[in-house]
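The values are calculated or read from the model by the stated rules, or taken from the named source; none is laboratory data. Remember, it's a predicted structure, so these values are computed and weren't measured experimentally. We place every Cβ from the backbone using ideal geometry, glycine too, and count neighbours over all the protein chains shown. Remember, those area values only see protein heavy atoms, side chains included, never the ligands or the DNA or RNA. Shrake-Rupley method; radii C 1.70, N 1.55, O 1.52, S 1.80 Å.
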Amino acid sequence: MGRKIQAVKGTRDLLPPDTAVWAAVERAARETFGAYGYSEIRTPILEDTELFVRSVGEGTDIVGKEMYTFTDRKGRSLSLRPESTASVARAFVQHGMHSAALPLKVYYIGPHFRYERPQKGRYRQFFQIGAELLGDAGPQSDGEVILMLVRFLSVLGFEGLVVQLNTVGDEESREAYRKGLVEYLEPHREALSPDSQRRLGSNPLRILDSKDPADHGVLQGAPRLEDFLNASSAGHFDAVCEMLDRHDVAYSIEPRLVRGLDYYTRTVFEIIAAGLGAQDAIVGGGRYDGLIEELGGQPLPGIGFAIGEDRLIEVLPERFRIEALKASLVAVAAVPPVSAAEAVALAEELRSENLPVLAELTDRSVRSALKRADRAGVKWVVLLGEQERATGTVTVRDLEQGSQETMPRGDLATYLRRSP
Ligand code: AMP
């Protein structure tokens, strides 16, 4: 016997019935985003490595340590996408979508890859549900993107989630702050954690959201980003907050929230969920006004978010999960000596009437057919025996109640459709 092969470390099989929950979450995303005028985009999972180096940034953990990068047979450096905003921006530039109706509103759902240490809520292949709005710089866009996100989460039944919000300012404010922060931190270099010492050169803003206690002391006296905001960045942020107030979105301003990626400008946000342990961020997002230009397009602003679908499903409200798992199937079984072929024919009749049906495909005893139907979570079993066949009737058994009744075959579809 051959060696059993396991799924690659950090990747998972999603199996039924769980996949029904995943499908229901994705259906809700499509519906909610559709209600805001978003359409789906599907970009390749493989991209030129340079795409992520130039957008996410070389100094970030994602690009520096976590990408699945390899050379293909022709020596090109390719990477499995660690996120999708860069891919969406690339597609936008590649297809000259500047001339399309702007803003462009797109969403995506799919697998992403990061070589991180696997733990609860953190996988090497994980799924993101994300949305991007390209071509509008105004604060109403930031506001509407967040409203859409909050609506989606409330459709899933989440309550009490708070959007953590901050601004990292525009390019000018961010640059001024970067200088101020490095000036302040440089004399304290020795007191910083090794990671933060490294980031001092590559990505100093990242030091702000360090979880290392060594850094917290040093950061106490650090200059604050809000003191470096120019008037336009501050005005933009105020307008976003006003819009969220107006729509009663629960948010808190987190001056230390900077997000790890290089391309963010102005608004950044995150949503944290209780019950996930260390990996508790379920959404990350923000504005990226310089990204399209960085990728060779005309300057064009953008904003978006990505939801970690694996984590979202780990903390999904029970009500939504139960609804998603409810089987709506009806089972049809033949009672010997009537053959299974007759059950299949009856199942096909019902499917033509738009009823989802599980047909018993093998000749077997009623007892074992009922047992199988019960294990499949089916409520109704339609039985077709010799007596029924002779009289043009069927017997419908309610597995929950243990009751059954016989009716004309022609009434069956209407009966099943009416039954709860
Ligand atoms: P980011 O692109 O890093 O802002 O990630 C957006 C969201 O994706 C995070 O808030 C997480 O919910 C999710 N996420 C990121 N990395 C992972 C991972 N390795 N495993 C599971 N979810 C992840």
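Phe70 to Leu14: extension gain in nm, 0.36 nm per residue of separation minus the Cα-Cα distance?
Contour length minus Cα-Cα distance gives 17.5 nm.
Only bridges with both residues in the chain count here: give the DSSP antiparallel percent, nearest 5.
Taking every DSSP beta bridge within the chain, about 80 percent pair in antiparallel fashion.
Given the rule -39500 (n - 2.57) for each run of at least 4 DSSP H residues, summed and divided by the residues of the chain, what is its mean residue ellipticity at 222 nm, to the nearest 500 deg cm²/dmol? Spell out each step's value before the answer.
Values: 16 runs with 154 residues, N = 420.
The helix-only estimate for the chain comes to -10500 deg cm²/dmol at 222 nm.
So for region 72-181, what percent of the C-alpha to C-alpha distances run longer than 18 Å? Don't skip to the end; give the middle numbers.
On the way: 4164 of 5995 pairs.
In whole percent, the share of Cα-Cα pairs in region 72-181 beyond 18 Å is 69.
Looking at region 1-52, which trypsin sites (Lys or Arg not before Pro) are in a loop (DSSP not H, G, I, E or B) and have at most 16 other Cβ atoms within 10 Å?
In loop regions of region 1-52 (DSSP not H, G, I, E or B), the sparsely surrounded trypsin sites (Lys or Arg not before Pro) are Arg3, Lys4, Lys9, Arg12, Arg42.
Before I look further, what does region 328-418 give for accessible area per residue, probe 1.4 Å, in whole square angstrom?
Spelled out: the 1.4 Å probe surface of region 328-418, per residue, equals 56 Å².
Let me know the volume per residue of the alpha-carbon convex hull for region 328-418, in Å³. It would help to have the intermediate numbers written out before the result.
Values: hull volume 7.6 nm³, N = 91.
Per-residue hull volume (Cα only) is 84 Å³.
Quick check: convex hull over the Cα atoms of the chain, volume per residue in Å³, rounded to an integer?
About 208 Å³ per residue, rounded to a whole number.
Expressed as a fraction of 2.2 N^0.38 Å, the rule-of-thumb size for a compact globular protein of N residues, what is the C-alpha radius of gyration of region 1-140?
Taking N as the residue count of region 1-140, the ratio is 1.21.
Put Ile303, Ile5 in order of accessible area, largest first, 1.4 Å probe: what do you get?
Order by accessible area, largest first: Ile5, Ile303.
How much of the accessible area of the chain, in percent, comes from carbon and sulfur atoms when a 1.4 Å probe is used?
For the chain, the apolar C and S fraction of the accessible surface comes to 50 percent.
At 0.36 nm per residue, and after removing the present C-alpha to C-alpha distance, how many nm does the segment from Arg417 to Arg27 gain when stretched out fully?
138.1 nm
Can you tell me the Rg and the Dmax, both Å, for the Cα atoms in region 14-71?
Taking only Cα atoms of region 14-71, I get Rg and Dmax of 16.6, 41 Å.
Calculate how many DSSP beta bridges within region 328-418 are antiparallel, expressed in % of all such bridges and rounded to the nearest 5.
Roughly 55 percent of the DSSP beta bridges within region 328-418 come out antiparallel.
Across 5 Å bins from 0, what is the distribution of all Cα-Cα pair distances for region 77-142, in whole percents?
Calculated P(r), rounded to whole percents: 4, 14, 21, 20, 16, 12, 9, 5, 1.
Tell me the per residue accessible area of region 1-117 using a 1.4 Å probe; a whole number in Å² is fine. Mind dumping the intermediate values first?
Numbers: 6680 Å² over 117 residues.
Ligands and nucleic acids excluded, the result is 57 Å² per residue.
Through the Karplus equation 6.51 cos²θ - 1.76 cosθ + 1.60, θ set to phi - 60°, convert the phi angles of region 184-194 into ³J(HN,Hα) values in whole Hz; use x for Gly and Pro.
6, 7, 3, x, 9, 3, 4, 7, 7, 5, x
Filter the GluC sites (Glu not before Pro) in region 89-176 to those in DSSP coil with at most 11 other Cβ atoms within 10 Å of their Cβ, and list the result.
Within region 89-176, the qualifying GluC sites (Glu not before Pro) (loop, at most 11 other Cβ atoms within 10 Å) are Glu159.
Find, among the trypsin sites (Lys or Arg not before Pro) in region 322-420, those assigned to loop by DSSP (not H, G, I, E, B) with at most 16 other beta-carbon atoms within 10 angstrom.
Working: sites: Lys326, Arg351, Arg364, Arg367, Lys371, Arg372, Arg375, Lys379, Arg389, Arg397, Arg409, Arg417, Arg418; in loops: Lys326, Arg364, Lys379.
Listed in order of number, the matching sites are Lys326, Arg364.
Find the percent of Cα-Cα distances in region 122-192 that exceed 16 Å, and round it to a whole number.
That tail contains 71 percent of the Cα-Cα pairs.
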